[in-house]
Amino acid sequence: MKLLGLSAGRKMGNSEILLKEALMAAEETGVEAEILRLHDLKIKPCTGCTSCVQGKNGLIFGGSGQCVIKNDDMPLFNEKLWESDGIIISMPVFIFQPPGYLKVLIDRCGPSHDQAFVMEAKKVAGGKSGADPRIFKSRVAGFLSVGGAPHFDWASLALPLMNTFTFPMEIKVVDMHQVMGSAIPGQVSLNDSALARARKLGQNVANAMGKPKEKVKYMGDDPGTCPVCHCNAMLVGRESMVECAICGIKGELEQKDGKITVTFSKEQQAISRLTLEGKRRHFYEIADVQREFDSRKVELPAKLEKYKSYKPAWK
């Protein structure tokens, strides 16, 4: 069993130290661990060309959805990813969210790494698909995040947004942990409780690797407000409606005995963005957008003309 550690921080920084502690513990269970440092990879940013979805080889037309960007390290990363059975991502917090280079990687994974998109593309193509079949391999993940401030309000979006890497690929997150108060490189090595918690996370991920998906349970300290992603990032709407910012599912807000609770129905949980059904619905939403565009695309050149001639960008 292969465990891939993704270091999204500086070499021998706090997040990498925690990652190594987690991987050491995982290796004690018998798994094979490897570290991939994102700083060492050249990953070009997604340009938003939509070729993966709507191009000649786009997923909505039954294609493989392969990215058209060339000459970077994305193929190397993909090979390491597809070989893995488990993944641990460790990162520093930049302005209460993941650092930009992790977001660049997440964007490049995109629809081409989305199990539901690839499955629906295969149906469109009559059972054929150019996508790598290893995308459907069962995988689990753990998240580690390190913030410099002592309080969690400076890391509010860190762990929740890490889910945007795993959920398209149906990678089940079994544990996640936020460490605070480690602002100086290496400082976390003085925090025995943080190191112990990283070891526990490594063991939890290793022990979940290879298990049938239905038997993989979440083992984090905080079950979270959302029963699907286990995050606490909620959007409060009108009246009592609450929506999970990560899953997109809607629940009811209640206050009992001075405590606020949110209840999500089984029907809502079944269409979370983290489920195949939730992502499948999104695939057909995008297909509908494409059809609407196709019906009016002859109008586009004339519509764009005035924007092309207005204040060309500085070169």
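The values are calculated or read from the model by the stated rules, or taken from the named source; none is laboratory data. Everything numeric here is computed off the predicted structure, so don't read it as measured data. Glycine also receives a Cβ, built like all others from the backbone with ideal geometry; neighbour counts cover every protein chain displayed.
Here are a few things to note about the model shown:
- If you go through region 279-315 and pick out every residue that is closer than 23 Å to SER112 by Cβ and of a type in the set (Ser, Thr, Tyr), you end up with 1.
Residues checked against (1) closer than 22 Å to GLU214 by Cβ; (2) touching a Phe, Trp or Tyr at 6+ places or on another chain (Cβ under 7 Å); (3) at pLDDT below 90:
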| residue | (1), (2), (3) |
| --- | --- |
| CYS231 | yes, no, no |
| GLU239 | no, no, yes |
| ALA245 | no, no, no |
| GLY251 | no, yes, no |
| VAL262 | no, no, no |
| SER265 | yes, no, no |
| GLN269 | yes, no, no |
| SER272 | yes, no, no |
| THR275 | yes, no, no |
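- Counting only residues that are in a loop (DSSP other than H, G, I, E, B), surrounded by 12 or more Cβ atoms within 10 Å (Cβ to Cβ) and either of a type outside the set (Ser, Thr, Tyr) or over 23 Å from the mean Cα position of the chain (by Cα) (or both), region 234-280 holds 10 of them.
- In region 59-75, the residues that are more than 19 Å from the chain's Cα centre (by Cα) and in contact (Cβ under 8 Å) with a residue 40 or more places away in the chain: LEU59, ILE60, PHE61, GLY62, GLY63, SER64
- So ALA121, is it over 17 Å from the mean Cα position of the chain (by Cα), crowded, with 22+ Cβ neighbours inside 10 Å and among the aliphatic types (A, V, I, L, M): yes
- PHE96 under 30 Å from SER156 (Cα atoms), surrounded by 24 or more Cβ atoms within 10 Å (Cβ to Cβ), hydrophobic (A, V, I, L, M, F, W, C) and modelled with pLDDT under 95: no
- Qualifying residue in region 141-159 (condition: surrounded by fewer than 16 Cβ atoms within 10 Å (Cβ to Cβ), among the aliphatic types (A, V, I, L, M) and part of a helix (DSSP H, G or I)): no
- The set of residues in region 82-91 being in contact (Cβ under 8 Å) with a residue 60 or more places away in the chain and surrounded by fewer than 23 Cβ atoms within 10 Å (Cβ to Cβ) consists of GLU83, ASP85.
- Selection from region 183-229 of residues that are assigned to a loop (DSSP other than H, G, I, E, B), touching a strand residue (DSSP E or B) at 6+ places or on another chain (Cβ under 6 Å) and among the polar types (S, T, N, Q): THR225
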